[in-house]
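Peer 1: Can you read through this structure? Questions will come right after.
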Amino acid sequence: MTRVYSIARVACLMAMLTAAGVAGCAAPAYDETTDKSISTLQNDIDSELISLASLGERIERLRNRDDAASKKALADALSKASFDANSASYDKIDLDLTTVRLRIDAEPNASTENLDAALGSLRDNLFGEKSLRDTHSQEDVLHSAYVETEKQTLDQQLQALLAYEIVLKKGASSSKSAADGSQ
């Protein structure tokens, strides 16, 4: 089941993050470690979702076949797609998300409030009520169409975070260039 408000929420967060990146006198601080951590988080989420979607497609193809090899392949795919088989991936993603959030909260600045809100929304879509993890734990095996829809939503949220980091990075390099030029 896809949350109807997810795309609207993502669009709102993207606008908020972009506005925060260009608003105000002082540019928020860029942190390379946070940038890399967000990229790692994005990679871990996409890896899990691509795997789940692929398994879902394989399960759908094999469901109507009666030969022994197909039944064995189906059992294998169902086992690999199960919630229990993927719980370690959810734990890794949760750890990645917590690491990013702790890093951001450890050194508050003009950008952290916006990043915190975006990370909170991402956490809700991954681990909250009616989230990807919640749905997976209830259904045990996810349909590929559901996974693809969730991937689009999560990718939009991650793109907003990465775009904001790029804005911060450009701001940091512009500030450094201006400081170097005035000396």
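Peer 1: Under 25 Å between alpha carbons, and skipping anything fewer than 8 positions from LYS92 in its own chain: which lysines qualify?
Peer 2: LYS36, LYS80, LYS130, LYS151
Peer 1: Counting alpha carbon pairs within less than 8 Å and at least 6 residues apart, what relative contact order, in whole percent, applies to the range 24-183?
Peer 2: This gives 39 percent for the range 24-183.
Peer 1: Quick one: which residues, 5+ away or cross-chain, put their amide H under 5 Å from the amide H of SER111? H built at 1.01 Å from N.
Peer 2: Excluding prolines and chain starts, which carry no amide H, the hits are ALA29.
Peer 1: Can you tell me how much longer the chain between SER39 and GLU107 gets when fully stretched, taken as 0.36 nm per residue apart minus their C-alpha distance, in nm with one decimal?
Peer 2: Length difference between fully extended and current span is 22.5 nm.
Peer 1: Using the Cα centre of the range 77-116 as the reference point, and only Cβ charges (+1 on K/R, -1 on D/E), how large is the resulting charge dipole? Debye, rounded to the nearest 20.
Peer 2: 220 debye
Peer 1: How about the range 56-86: which trypsin sites (Lys or Arg not before Pro) there are in a DSSP loop, with at most 13 other Cβ atoms within 10 Å of their Cβ?
Peer 2: Here the trypsin sites (Lys or Arg not before Pro) that fit, given the DSSP loop and packing criteria, are ARG63, ARG65.
Only the coordinates and a few stated rules stand behind these numbers; no lab work does. All of these numbers come straight from a predicted model, not from anything done at the bench. All Cβ positions, glycine included, derive from the backbone under ideal geometry; neighbour counts span all protein chains shown.
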